[in-house]
Structures are given as C-alpha cells and as structure tokens.
Amino acid sequence: MNNSFLSDAFFSRLETLALHLQANLSGYYGGKHQIKKYGQTMEFADFRNYELGDDIRRIDWNLYARLKKYFLKLYTDERQMHIQIFLDCSASMGMIPEKARYAVSLAAALGFLAIRNMDKVSFHLLKEGKAEDPFGIIVGKNKFFGAIGQLEKIKFEGEADFGTSIPKTQHTGTNDGLSIVISDFLTEEDWKPGVNFLLYKRRQVLMIQVMTKEERDPLYSGRLNLIDSESPRADDFRNIRVKISRSMLEEYSKLVKETIEGISNFCASRGITFLSFDTEEPIEKVIFKELLQADLVN
Amino acid sequence: MIKWLMPLGLLGLLGILVLILIYIIRPKYQQKFITSTVLWRQLLKRKRKKLPIEPIRNILVFVCQALAFTSLALLMAQPKLFSEGFVNDETEKIIIIDSSASMLAHTAGDPTSFSRFDRAVREVKAHIDEWLMDDDGTISIITAGREAEYAIADATKEEYTDVVHTLDGLKCSYGTADIQGALNLAEERLFINPAAKIFVYSGTDLGNLGSAVTVRNLANIQNEWNIAVLGCTVSIEESEYVFHVEVGAFGRISLEKNLYIEIKGAENGEDKTFDFPKLYKKVAFDVNSDNLDYSDIQTITLRATDPAIGGQEDWYFSSYAEASIGFVDLEDSIDEDNEFKVYGGVKDKVKIQYYSSKPNIFYYLSFQYLRDPMSKTREIQFNRAYALSEVQNEGHDFYIFEHNLPQNIQSGNAPKDGVLIFSDPNDLSAYGVELGDSVTFNGLKYFEAGDAHPLLQYIDPHTMGVTAYRRITSYDESFVPILFCGGDPVMLVKKTETERIVVMPFSLNLSNLSAGTNLTKFCYNLIQYFMPLTLDNYEFEADEEVNVNCKGTTVTMTDPNGKADTLTEFPATVTLTELGTYTFTTNFSYDKEAEVRKAFVHIPAAESGLFDVEAMNMKLDNTEVWEELGEDLFLYFAIAMLVLFTVEWCLQFKGI
C-alpha cells in the first residue's frame, strides 16, 4: 500500500498541533500534558495555606508581607501519556485501498501528534479476534517513522472483533492516556465490550469511523448478489441476493444515518468522543478542523 | 375417466413452457463485491418484518421449480389414472346391436323367417367362440334401443355362458334406436383401449364410422319390402269426419293393395251407436323406378259417405269410438305396422247447470263462447234452470248457483257429481264458509293476487275488480283463497276427492269480470282444472312418454296385453312400450260411470322405412401407433429435464 498521505510535508504540517487530552489522567512523569495534579513545573496554579512540614522555600513571601500569613505557591504538573491506537485491519477496511490509506494516515497522524508531544504511542492491529502489537511502545520520532513505514505495508484481511481483541491487548495501563479506535464499525460482532474495557481502564477514548462515499450512498441498483468482503465462501450467510430499488437505497441511507447516530449516542452516554469521516473528506481538514472542533487537538 | 396424460406430447410441451416461464421469471443477479453487507442485511430484516409476504415471494421460484419437478416426475412415473387401466388390446370387441323397430323386418312373405334382429344376434353368437375363446379377448354388448345401454360389459371366456344367455334374452324394441348414444358409449371405451374393435349390427346404412368400427348392415333389398299405415289425422269437413291416412311402401315393389277403414261405435246424436262395415280403397305403390330411397309415401283420404269405397251418403256421425285402418292380405317384412287404430272420436261432455235468483247471461255467454274453440275435444252443454223446480241435483259437471241459494242447496244437500260454483251466495255456512257484512266502494276496487293457481291462468287479477262484495269472516281449512280484495278473500277453491267448490262472494253484476274476457278465461280454466282431458292425444309412438290427467280419483291403465296399472297422482307420466291399444279408465269417488279412453301405440313411422340412410357425424379410429412412440420419447425427455433440474439445484445450494 503506497500511502500518498504520509509524506514529509504532511507530517511537517502537523508540527503545529498537539493532542489535547483530559486533565484528570495521571500518565507518566516527563511528558508535556498538564494535569490537574500539582507538580514542579514553572507554571503557577494556585495558593494554599502553609502546613507544618511543607517546604518553606515554596512560601510566597510577597504575600506574607501584605497579609502576614503563610501561603504556599502551587504549580501545575505535566505528564507523559500513552496513546493507544487500535486500527481495524479487517477486510472491510482494506477492500477499498483509499479507505485503508485514509485509516492508516489518520492513525499515523494521531500517533505523530502524540510522539511530537513526548507521549508514548502503541499501534494495535485488530484482526481475526486478536490485537497485534507489532511495534511495541514507541517513543521518539525515529522509532515512530520506522513503525509508520511498516504500518503502510500491513494487510487488511479477515474479520475484526473488538469485543474480544481489545481486552486482550498488552500494556493496557490505567488512567494513563488516550485510546483511539479507528474502524468502519461495519461489523456483525459486538464491539461495545471492547470500548467498555477501555473505559474500565479509565482511559480517554476516541472513536473514529471511516467510511467511503459508496458505503454511505451506494450507487449500485437492480438485482445484485452482494458479496461481503469478509465472507470466506460464496455460500456464506453474509452474501445476500437483493433487488435494490430507489426506495431501498433511500432506506439504506436512512439506516446508515441511524447506525451512526446509534454509535454516537452510545459514545455520548459514556463520555467518548466519536467522529465519523468520509474518505472523500481531505485528511488535513479532518485533523485541522474536525479534531480542533472536537477539542482533541490544540 | 381422466385422460390428462394423453397425449403425452402436449404434456411435454407444457413442461417446456413451464421451464421457459421459470427461467423468464427467475431473477438474474449480478455479483457485486462490497465492503460489508451488515447494513443491507439489517435493512432486509426490517423489510421482512414490514412485509410478511416477502418470504413467500422469495420462494416463488423454488415453488415453481418444485411444481415442474413434480410434473416431470409424474411424467416419468406415468401414473395410470384410468379406472380400468390404459390398454392396447385388439382382442376387445364392442358389439352394438340396433334394437329399433326396423330390425323386426324379416323376409317378405315368410313370417317364420328370422328378423334382422334375430340375424344380428345369431351372427354375434356365431363369433363368440372366435372372439372369446380363440383370441382370449373380451366382449361388451350395447343395445341401441330408446336409450343405449350395456347388456353386458367386459365379458371374458369365463363368462361365456352369461354372454350367450344375454344374447338369448335380448329383445327388439318397437321404438327408435339411439345409435349415437351407443357409439358414444363405445367411444368412451375406445379412450381406454384405442385398439378395441367395434361392430355395429343395424338395418340402417350408417355410413363410414371410422377405422375402429365395422358396420354390418342387415338390410336385404332382395327379400325385404314393407307396406305400412304410417299415421292418420282426422278432420271435420262439412260436419263430416274425414280420415287422412298416410301410407307408405318401402323396398323394390310394385303392387296394389286394398286399404280398409272400419268405424265402430259411431253416434249421430240419437244416443244410439252403430258400427259401419269395412270400406275398401285400392292403393297402388310403385317404388321400382328411380326412387333412390326405395319408398313411396302417399296420403289417402277416406270418408264414410264416399260411395266409391262402399260408403253411403247418409252415413254421417257426430262421434265414433274407434276407427281401424289397415291393409288386407299383406305379407310384408314388418307385420306390426299394417294396421292403425284411431281413437279420440268421443268428445268429453261438459254439462253445466246454471241457477240464479236474479239471472244474467254472463256465464251463458262465456261458456257459449268456449264451445267452438273446445269443440274438437269437448262438447259443452249449458242448461239454465229458470225455476227452483228445474234445478237438478245430479247429472252435471258444473253447478252454478248465483245469489240466493235454493233451500236444499243452502242446507248442504248439494250435488255430489259436479263442481259447485257459488257466485254471490246468501249463506254458505253449511259448506264451512261464514259470510259477514257487505263491503261497498264508490268505484271499482281491484283484486289482489294470492298464490298462483290454475284457475287464474291467463288472467291478471289486478284487472278484475268489484264495487261490492260480502266479507268472508271464516272458512274451512280445506278451502284455498286465491283472490283478495282489500285483504279479504274474494275467491275460495276447494278440490278434494269428495268435494269441489268455488266460492265468489260478489255479484257479477257489480264487477267488471264479464266486461272483458276475464270471465271467459275463468270458465275455460274451470273446465281445464276440474275436467281435464285424460290424454292430450290418442296415438303415440312406441316408447313415447305420455302425460295422463284425471278428472276423477284414479286412472287405471291397461296395456294391449291386459296388464293393468292404477295411477293415483296426476299429472302422471307413463311410457307406452307395447304396440296396440291402451285403455285408460277414469274412476270417480262418487256415483258416476267410469270414463274410458283409448289410445293407439304404433311403431314410429320412420321405422317402417326399411332402407333408411342415417349418416352419423362421427369417426371412431384405432390410435395405438402414436401412443407407443410418444410415450418413449417423452419419458426420456422427462428424465433429462429431471437430471438438469437436480444439477441446477445442487449448484445453487453450493452457491456456485
């Protein structure tokens, strides 16, 4: 797969952005993400009364001069986060090369934003009931670009079952960062247990749906034997014969909207950010507009 | 008998049509690879929930294929739906024997010779050994009489004696033959066994009936000829009975014969009957010339006053009991048509007595008007009793009492031998009818109809009306109200074995009945209803169905052989099967002499013609050849189609 998106120019444009994560995460020491906890950075956060045992070097003497009371100056803390990117590698994602490139590019872009922000990144490739982690935890641009080079060569095949594969993921920390799930969510399997697992791990979750225009508004009609890309045989139950009329196409579009709404409602009820993208939408627009609007980058 | 497997070719073509139809209606699906069918499947599930008929439509092709599959399987199985099985047996013989009266013909001049019918039976018997024993076949015998029917069916050699007994017991009828019906029966058999052979024994030239039928014409132009009295009509010309006799000669003959007429029981109004001597007239027949149908039919006119035949000018008569017409010294082929008897010369007398306390001429005029049109069959006598002393209590068929009744009648001492008609009576309590007050109207009040009744035939009750009538307050259950006025019954009828009464509680003077034809029609209906003719005609063909009516209680029918049968429900329908004179005796419950009427039964005139030609519009052919070819070809066709179907199904299930 030759991904035209993943060029130097593409990544250089991303240099101006950074991931904006929730402040209630704990993360690891050494990152750039400000969190709610007070730490040793130079950025003032608050005052509090001096208590016995506190470091007297942190007493604000100017304030004492005016108020004759001891107050400590508190500073914000910055942490390193672990960004997990779960990429749906089923056949449905790879059948249309454009869709696969789009998904990989999104994953790479988000990974880059994390790396650039001194965060740790791991790519989890979901296929056949497993979550492969071929690159391990990536820190630093060199390792990242090496991984991206491999990412472009992955094969999209078989089925993906989020419900069972995400909980099997290695290195799932707790409350330590963002989990991004990139998929078309066109699956028979129940993906919700996987998402619930991430929430259980108190991770911030971002779900990105990638669909092509044809998947949203099919142009085909008439009597068709629809072959599912994930079906192994011709007589698989997923392959269906259907006479597609104009009214059916209208109903299908309606159903697509309802499905997206359903996912969106599910995510909203759990504090998950959900974004649905069309592959015809320029990826820069997605990152610089949609993610900004969703307050995921700044 | 079902024969939908025949012809097989048609069924095969239908099978092809079914296949074509299936492949036409069978949807063609193009393959389309898409990323996921999840949403499409969800959509179809939703649609199925909305439209429960969808699954049925989806299996329509499957159902059609299953039907075609079943048809082909049946075609291969060749199920026998015939009740007796489909056979191709040349040893089956179907014998049709014409048993019409013409088959009675024997050699002219030799009454002891065998008739055509006898010869037919003998010929069949002569073949039994060959057909049953040698060929080991079966025989069915159909007799074509008035109706075609099997005498014996599918007899095998084990039933040899039954066949012989059946043939010995066969009798020739005196009527016509239903050859067409017999051929239809044989044709049904031919559907089961197209190779069966049909033999028709008849004296009539039936033409070519097809390859399956062999016609044996038993007519013998050399030895057979017939002279017959075919019929007779009687007319009254200048007050004299004239007999128009139709006679015919059939065969190669040229001769002269004496035709006689003998009239018995003649009456000239003097209450005395006498018999005329036989009168003779020579009739010359010549059918030797270019007469293709060998017949010479003539109409001979005979009258008793004709001196040329021995009659006398003063031999007039107003009625006669019997006239016999026939040929003298005739030894032809059919003896039964040499004499003809004519009855109907005695008219039914209808005697009416009219008494009124305030007489009018309405009834008189009405019956008088009916005399002429009914004169052929009835003699109407209308007697008016001008005074009480002239009122007779017996001897009439109708007793009309108008207005105030004679004392004895009022007290219930009415005549028993006739119909009582009470017109505007003053008191009928002795007869079970109570009369109340008078109802009067300023103008005519028209009647309303009750249930349809023979007495009101040809009459529209709504055209009859009165200005006054006596209200009938109650009446015996045996009376039937047939006319109403303002809801009150204004005409009651009673007809039982002992009493026949008509009650009209209004005066003809205060009604419009006599102004038009309604009263005349009513009087006509009175005669027809209470005094019907026993028979409508007095000469019938053998096997003819006849309606018998009764003006009394029962009719005893005696056939020419003296066998009597009593009829009690009328009109009765009887079939006259014997030749000769039938006697119908009407018996009365009251003291009245039984009335005797006679009718003559003769063989149908057409049967006297010995050499008729009657081409049947029918062809019965043996068709065993195509059957074998067609069966094999279509069997293979069905097998091939079945295999193709199976392969297709397998491929479909495997999803290839």
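Each value in this text was obtained by applying a stated rule to the coordinates, not by laboratory testing. From a predicted model like this one, the values you see are computed outputs, not experimental measurements. Using ideal geometry, Cβ is built from the backbone for each residue, glycine included, and neighbour counts are taken over all protein chains shown.
Structure note, pairs A:Lys213/A:Lys243; A:Lys243/B:Lys49; A:Lys254/B:Lys32; A:Lys254/B:Lys49: Cα-Cα distances above 23 angstrom do not occur. Subtracting the Cα-Cα distance of B:Ile361 and B:Glu246 from their residue separation scaled by 0.36 nm leaves 36.8 nm.
In this simple spin-label approximation, B:Ala430 and B:Asp110 carry label points 7 Å from Cα along the Cα→Cβ vector, and these lie 7.7 nm apart. Straight-line reach from A:Lys73: taking Cα to Cα under 18 Å and skipping same-chain neighbours fewer than 8 places apart, the lysines in range are A:Lys36, A:Lys37. Evaluated at q = 0.11 Å⁻¹, the base-10 log of the normalised Debye intensity for chain B, with identical point scatterers placed on the Cα atoms, takes the values -1.08. Relative to the dominant Cα principal axis of chain B, helix B:160-169 is inclined by about 20°. The order of the peptides B:406-419, B:605-618, A:243-256 by mean Cβ neighbours within 10 Å, most packed first, is B:605-618, B:406-419, A:243-256.
Counting only other chain Cβ atoms within 10 Å of each residue's Cβ, the peptide A:234-246 averages 4. Magnitude of the Cβ-charge dipole of the protein assembly as shown, K/R +1 and D/E -1, about the Cα centre, nearest 20 debye? Roughly 10940 debye for the protein assembly as shown. Binning the C-alpha pair distances of segment B:543-602 at 10 Å intervals from 0 yields a P(r) profile of 24, 56, 18, 2 %, listed from the shortest bin outward.
Calculate, for A:Glu214 and B:Glu188, the FRET efficiency according to 1/(1 + (r/R0)^6) with r their C-beta to C-beta distance and R0 51 Å; round to the nearest 0.05.
Rounded to the nearest 0.05, the efficiency is 0.15.
Once every Cα of chain A carries one equal point scatterer and solvent is ignored, give the base-10 log of I(q)/I(0) from the Debye formula at q = 0.07, 0.12 Å⁻¹, two decimals. After summing over all Cα pairs, the log10 values are -0.33, -0.81.
Here's the picture: charge each Lys and Arg Cβ at +1 and each Asp and Glu Cβ at -1 in the protein assembly as shown, and of A:Val242, A:Val139, B:Ile421 the one pushed furthest to the positive end of that dipole is A:Val139. Computed from the C-beta positions of B:Asn404 and B:Gln457, the FRET efficiency with R₀ = 30 Å rounds to 0.45. Our estimate of slack between A:Arg270 and A:Lys68, defined as 0.36 nm per intervening residue step minus the Cα-Cα distance, is 67.9 nm.
Length available on full extension from B:Leu255 to B:Ala284: 0.36 nm per residue minus the Cα-Cα distance, which gives 9.9 nm. When the protein assembly as shown is described by a simple charge dipole with +1 on each Lys and Arg Cβ and -1 on each Asp and Glu Cβ, the residue from A:Ala294, B:His453, A:Met93 located farthest towards its positive end is A:Ala294. Take the Cα of A:Glu281, step 7 Å toward its Cβ, do the same at A:Ala45, and the gap between the two points is 3.5 nm. Within straight-line reach of B:Lys619, meaning a Cα separation under 24 Å, sit the following lysines at least 8 residues removed in sequence or on another chain: B:Lys3, B:Lys93, B:Lys197. Once both labels are positioned 7 Å from their Cα atoms along Cα-to-Cβ, the gap between B:Asp89 and B:Thr575 label points is 3.0 nm. Measuring between their Cα centroids, segment B:409-453 and segment A:90-137 lie 118 Å from each other.
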